[in-house]
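*Asks:* To start, I am sharing the structure in question, which I have written as C-alpha cells.
We did not get these values from a lab; they are worked out from the coordinates using the rules stated. All figures in this text were calculated on a predicted structure; none of them were measured in a lab. Using ideal geometry, Cβ is built from the backbone for each residue, glycine included, and neighbour counts are taken over all protein chains shown.
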Amino acid sequence: MNTIIKRIAAIAAGFLPLVFGILMNGAILSEAFSTKPFPFFAAGLGTLALWFLLGFLAAKWRFGKTAAQAMLLLNLPGAAMLLLVGIQELLLGQYWQNAAGAAGQLFFLPVINLGASLTLWSGRMFPAYCASFVLLCAAAWLGGKAGSR
C-alpha cells in the first residue's frame, strides 16, 4: 500500500469515534433505552479497546515512518475535535447549534463517561474532554507499542 494512502487511512480511521458517537446518540434517543440505562462504561471500554487495536494495526502496517508518527496521524482528528470543543466552551462560552458544534461533542461521547469520572473535581466539561482525549491517545500508544514489537 502506498505511504500516502496509509497516512490518509490512519487519519480517516481517527474519525471512528465520531461515527460511534453519532450511533450512540441515536441509540440513546431511541425508544430502546427509554426505560433502561445506556451502558456508557461498556461503550467507553469498547472504544478504548478498538483504539488499542487501531494503534496496533497502524504500527504493524507502518501507517507512518515510525510508530509515533502513526499514533499522531491516528489521533490528529481527536486533537482537531478537542480544539473545536475548547474554542466553543472556553472562548465562546456556548456550543454552536450546528453540525460543527455537535461534531466535537459527539466525537468524545463514547469515552466521555470515563473521562468525566477522572475529572470529578471540575465543574466544566472541557477537562473531561481533555481526559477522554488522553485516554484515546494512551490506548493508541499502548497498541502501537504492542504492534511495533
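*Asks:* Can you sort Leu120, Leu74, Leu57 by how many other beta carbons sit within 10 Å, fewest first? Kindly include the intermediate steps, with their values, before the conclusion.
*Replies:* Values: Leu120 9, Leu74 30, Leu57 18.
Fewest to most other Cβ atoms nearby, the residues stand as Leu120, Leu57, Leu74.
*Asks:* Run the numbers for Ala12 and Ile87: contour at 0.36 nm per residue of separation, minus the present Cα-Cα distance, in nm. Write out the running numbers ahead of the final one.
*Replies:* Numbers: separation 75, 0.36 × 75 = 27.00 nm, distance 2.29 nm.
Between Ala12 and Ile87, full extension yields 24.7 nm more.
*Asks:* Taking Kirkwood radius over Cα pairs in Å as the quantity of interest, determine which of (1) 25.1; (2) 15.8; (3) 18.6 was computed from the displayed structure.
*Replies:* (2)
*Asks:* Another question about this same structure. Just Gly21, Gly78, Gly93 to compare: in a GNM of the chain, with alpha carbon springs under 10 Å, which one fluctuates most?
*Replies:* Of Gly21, Gly78, Gly93, the Gaussian network model singles out Gly93 as fluctuating most.
*Asks:* Now a separate question. Where the only charges are on Cβ atoms (+1 Lys, Arg; -1 Asp, Glu), what is the dipole of the chain about its Cα centre, to the nearest 20 debye?
*Replies:* Numbers: 9 positive and 2 negative charges, 137 e Å.
For the chain, the charge dipole is close to 660 debye.
*Asks:* Next up: With each label point set 7 Å from Cα along the Cα-Cβ vector, what nm distance links Arg62 and Phe41?
*Replies:* If labels sit at Arg62 and Phe41, their model points lie 4.3 nm apart.
*Asks:* Can you count the Lys pairs in the range 3-147 whose Cα atoms are under 26 Å apart, with each pair 8 or more apart or on different chains? Please list the in-between numbers first.
*Replies:* Details: Lys6/Lys60; Lys6/Lys65; Lys6/Lys145; Lys60/Lys145; Lys65/Lys145.
Lysine pairs satisfying the spacing and distance rule in the range 3-147 number 5.
*Asks:* How high is the FRET efficiency from Tyr95 to Leu23, r the C-beta distance, R0 22 Å, rounded to 0.05?
*Replies:* FRET efficiency, Tyr95 to Leu23: 0.60.
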